[in-house]
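Scroll down for the structure; my scribbles are underneath it.
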Amino acid sequence: MYKEVEVKLSPDHINDPASLERVIAKTAKLQRPFSHRVLRKSIDARGRTAVYRLRVGVAKDEELPKPPPYRKSYSTGKGRPEVYIVGAGPAGYFAALECLEQGLRPIVLDRGKDVRARRRDLKAIQQDGVVNPHSNYCFGEGGAGTYSDGKLYTRAHKRGSIRKVLHVLVEHGAQEDILQDAHPHIGSNKLPHIIAAMRSTIEACGGEVRFDQHVTDISAEKGRVAGLTLANGETLEVQYLILATGHSARDIYELFSRKQWTLEAKPFALGVRIEHPQVLIDHQQYGSNPRHENLPAASYSLATQVEDTGVFSFCMCPGGLIVPASTAPGELVVNGMSLSRRDSPYANSGFVTEVDEEDWAEFAGQGALAGLAYQKAAEKKIFEAGDGSQKAPAQLIEDFIAGRLSSKLNPTSYIPGVYSAPMHELLPAPVAARLRQGLKQLTKKIKGYTSNAGQVVGIESRTSSPVRIPRDKESLQHQDVAGLYPCGEGAGFAGGILSAAMDGQKVAMKIAEFIKVDS
Ligand SMILES: Cc1cc2nc3c(=O)[nH]c(=O)nc-3n(C[C@H](O)[C@H](O)[C@H](O)COP(=O)(O)OP(=O)(O)OC[C@H]3O[C@@H](n4cnc5c(N)ncnc54)[C@H](O)[C@@H]3O)c2cc1C
């Protein structure tokens with residue numbers, strides 16, 4: 001007999017196998033012995049005290065069904081069709097592994113460095129304010145996903161198999177918990193090892209990964225992709241090209257624009273990082289202070305509408321750090337990350353509002369690049385307000401709402417440091433107005449959230465791509481250039497690690513399908 005049951009366990013008992021068995025026996029009305037497997041695990045913090053909710057598969061007098069296998073064997077043979085992939089982020093690496101599954105040979109090119117070498121450049125941004133335009137929090141092996149929060153959550157359930165992506169991560173070293181957790185998280189101390197293991201698989205199966213390969217031109221002949229040019233002058237002939245360069249590859253959008261290949265401006269979100277003491281969030285979400293030792297740092301998700309426009313929290317990082325995510329000198333961008341233990345004393349999250357062509361009307365002359373021009377101008381203004389380093393402007397929340405400069409700031413997780421600045425004036429005016437109104441509306445959602453216990457730090461502007469590189473719905477190729485497959489977040493088809501990874505797999509499967517049909 002096999003069945004699945006939902007059980008509840010207090011944080012006191014969550015790590016005690018005997019308590020779990022007892023509650024399963026009672027709920028499933030079964031005598032021991034039986035075998036069981038936790039299928040899903042979430043925290044329910046709606047009541048006075050938080051509890052764990054588990055979905056458990058239970059088998060009596062038979063074996064527990066095995067989870068479905070997700071990986072076919074990776075191909076290793078010679079003479080496989082080659083697929084060039086530009087970008088070693090989640091979209092690029094998952095596309096590469098899918099190519100191997102599909103009998104294709106992936107060659108991945110990235111402008112940045114491998115995960116280890118990349119660390120030195122992150123240190124230079126954090127400690128010296130020096131931004132390497134090829135190696136930073138967005139560029140380099142693993143893309144923007146490497147030194148991130150590593151939250152593995154998406155609403156894009158129809159874009160592919162979330163389970164398959166999670167299984168690939170587990171095969172490459174992620175902890176198995178991510179297969180059960182309702183809101184899985186890896187952490188930026190563990191992600192680099194997983195990404196390096198993915199590279200090893202690609203190379204062991206005859207694929208290639210090349211770093212320091214900045215693609216500066218793409219050529220096409222008779223409407224079909226033909227070649228790539230690198231910054232070092234090297235040229236490569238290509239037949240199939242997956243373009244997975246992420247939302248910060250501005251030179252790629254500019255290249256498309258120069259070539260008059262179709263691009264579209266796309267709404268995105270812009271605002272600030274908002275930072276609070278983690279204890280404030282724990283106390284409000286779990287009702288206890290300090291939180292139970294078996295509960296993780298608490299998170300939140302907030303949303304409201306101001307003048308029919310969304311204002312919402314984004315990419316919440318419990319127990320995390322605010323990091324400088326600029327990709328070029330002369331700009332200042334912040335984002336958030338956390339380590340696997342999520343044990344910093346700070347909670348941070350993007351607090352952003354949707355922006356669209358109404359917001360960037362003054363740049364309308366730039367066509368499909370208008371949103372990008374608006375994003376660039378906002379980042380430059382924030383940078384120029386400072387001292388030329390990556391020190392970020394900040395304001396206490398009540399002061400931000402009231403529109404007055406803060407006389408002092410709170411301690412922060414942001415290593416380059418913060419200085420007091422009128423964020424209400426430094427942000428684009430309509431954005432500041434919506435964020436301030438949104439905060440007022442959310443005052444009662446989390447007690448203390450809009451108090452001066454928290455502060456806003458700017459600017460959070462790389463939430464998603466301001467440009468879409470459109471592709472044919474059926475073939476997934478760019479509509480002007482056959483053989484070129486725009487992919488992942490940079491193409492506007494993903495908004496996070498999971499969705500980018502699924503998009504990479506989808507495009508690789510499509511190429512395999514095309515090659516079979518074509519040959
Ligand atoms: C600090 C931070 C924290 C984040 N936290 C989370 C999180 O917790 N959960 C989540 O789901 N998402 C998170 N994100 C977003 C997530 O990282 C991205 O959505 C995801 O990485 C997009 O994947 P991608 O492969 O499409 O692009 P990217 O990851 O951006 O990768 C693009 C790659 O292309 C390379 N490249 C760009 N231009 C060129 C060129 N011209 N030539 C050669 N190579 C080029 C870059 O070096 C880069 O490696 C975070 C992002 C940041 C910056």
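Can you tell me which residue in the stretch 340-389 is farthest from Cys315 (Cα to Cα), limited to those that are among the polar types (S, T, N, Q) and surrounded by 23 or more Cβ atoms within 10 Å (Cβ to Cβ)?
Gln375
For the condition of a type in the set (D, E, K, R) and either in a strand (DSSP E or B) or within 21 Å of the chain's Cα centre (by Cα) (or both), what is the one hit in Asp217, Asp212?
Of the residues listed, the single one that is of a type in the set (D, E, K, R) and either in a strand (DSSP E or B) or within 21 Å of the chain's Cα centre (by Cα) (or both) is Asp217.
Under 9 Å by Cβ, and 6 or more places apart or on different chains, what pairs join a residue from the stretch 203-216 that is more than 9 Å from the ligand (Cβ to nearest atom) with one that is of a type in the set (Asp, Glu) and in a strand (DSSP E or B)?
none
Within the bounds of the stretch 82-94, is there any residue that is surrounded by fewer than 24 Cβ atoms within 10 Å (Cβ to Cβ), on the phi > 0 side of the Ramachandran plot and more than 16 Å from the ligand (Cβ to nearest atom)?
Checking the stretch 82-94: not a single residue is surrounded by fewer than 24 Cβ atoms within 10 Å (Cβ to Cβ), on the phi > 0 side of the Ramachandran plot and more than 16 Å from the ligand (Cβ to nearest atom).
Of the residues Ser188, Ser248, Ser200, only one is small (Gly, Ala, Ser) and surrounded by fewer than 22 Cβ atoms within 10 Å (Cβ to Cβ); which?
Matching residue, one of Ser188, Ser248, Ser200: Ser200.
So which of Glu331, Glu354 ends up being in a strand (DSSP E or B) and touching a residue at least 24 places away in the same chain (Cβ under 8 Å)?
Only one candidate passes the filter, namely Glu354.
Is there a residue being in a loop (DSSP other than H, G, I, E, B), away from the ligand (no atom under 16 Å from the Cβ) and surrounded by fewer than 18 Cβ atoms within 10 Å (Cβ to Cβ) anywhere in the stretch 101-112?
yes
Filter the stretch 113-157 down to the residues that are free of Cβ contacts under 8 Å to residues at least 40 places away in the same chain, under 16 Å from Ala500 (Cβ atoms) and not in a helix (DSSP H, G or I) and list them by number.
Arg155 - this is the single residue of the stretch 113-157 that is free of Cβ contacts under 8 Å to residues at least 40 places away in the same chain, under 16 Å from Ala500 (Cβ atoms) and not in a helix (DSSP H, G or I).
Taking the conditions exactly as written (over 14 Å from Cys99 (Cα atoms) and in contact with a Leu (Cβ under 8 Å, 6 or more places away or on another chain)), does Val83 satisfy them or not?
When the stated conditions are applied, Val83 does not pass them.
Just give me the residues in the stretch 322-355 being over 18 Å from the mean Cα position of the chain (by Cα) and of a type in the set (Asp, Glu), in sequence order.
Answer for the stretch 322-355, where residues must be over 18 Å from the mean Cα position of the chain (by Cα) and of a type in the set (Asp, Glu): Glu331, Asp343.
Identify the single condition in (1) in a loop (DSSP other than H, G, I, E, B); (2) under 29 Å from Ser464 (Cβ atoms); (3) more than 8 Å from the ligand (Cβ to nearest atom) that Gly233 does not satisfy, given that it satisfies every other one.
(2)
Scan Ser248, Ser257 and give me the residue that is in contact with a Lys or Arg (Cβ under 7 Å, 6 or more places away or on another chain), of a type in the set (Ser, Thr, Tyr) and assigned by TED's automatic domain parsing to the domain that holds Met502.
Testing whether each residue is in contact with a Lys or Arg (Cβ under 7 Å, 6 or more places away or on another chain), of a type in the set (Ser, Thr, Tyr) and assigned by TED's automatic domain parsing to the domain that holds Met502 leaves just Ser248.
In this structure, does Arg163 turn out to be more than 10 Å from the ligand (Cβ to nearest atom), more than 19 Å from Cys487 (Cβ to Cβ), surrounded by fewer than 23 Cβ atoms within 10 Å (Cβ to Cβ) and not small (Gly, Ala, Ser)?
Against the criterion (more than 10 Å from the ligand (Cβ to nearest atom), more than 19 Å from Cys487 (Cβ to Cβ), surrounded by fewer than 23 Cβ atoms within 10 Å (Cβ to Cβ) and not small (Gly, Ala, Ser)), Arg163 qualifies.
What number of residues in the stretch 1-25 are touching a strand residue (DSSP E or B) at 6+ places or on another chain (Cβ under 7 Å), in a helix (DSSP H, G or I) and of a type outside the set (S, T, N, Q)?
Looking only at that region, the number is 3.
Let me confirm something: among Val272, Val311, which residue is touching a helix residue (DSSP H, G or I) at 6+ places or on another chain (Cβ under 6 Å), not assigned by TED's automatic domain parsing to the domain that holds Leu484 and not polar (S, T, N, Q)?
Checking each option against the conditions leaves just Val311.
Scan the stretch 268-292 for residues that are surrounded by fewer than 17 Cβ atoms within 10 Å (Cβ to Cβ) and in contact with a strand residue (DSSP E or B) (Cβ under 8 Å, 6 or more places away or on another chain) and report the count.
So the count comes out to 1.
What's the total number of residues in the stretch 445-493 that are under 27 Å from Ile274 (Cβ atoms) and of a type in the set (Phe, Trp, Tyr)?
Residues in the stretch 445-493 being under 27 Å from Ile274 (Cβ atoms) and of a type in the set (Phe, Trp, Tyr): 1 in total.
Can you name the residue in the stretch 416-467 that is assigned to a loop (DSSP other than H, G, I, E, B), free of Cβ contacts under 8 Å to residues at least 60 places away in the same chain and polar (S, T, N, Q) and, of all such residues, is farthest from Lys391 (Cα to Cα)?
Out of the qualifying residues, it is Thr443.
The values are calculated or read from the model by the stated rules, or taken from the named source; none is laboratory data. What you see is a predicted model; the values in this text were computed from it and never measured. With ideal geometry, Cβ positions are generated from the backbone for all residues, glycine too; neighbour counts draw on all protein chains shown.
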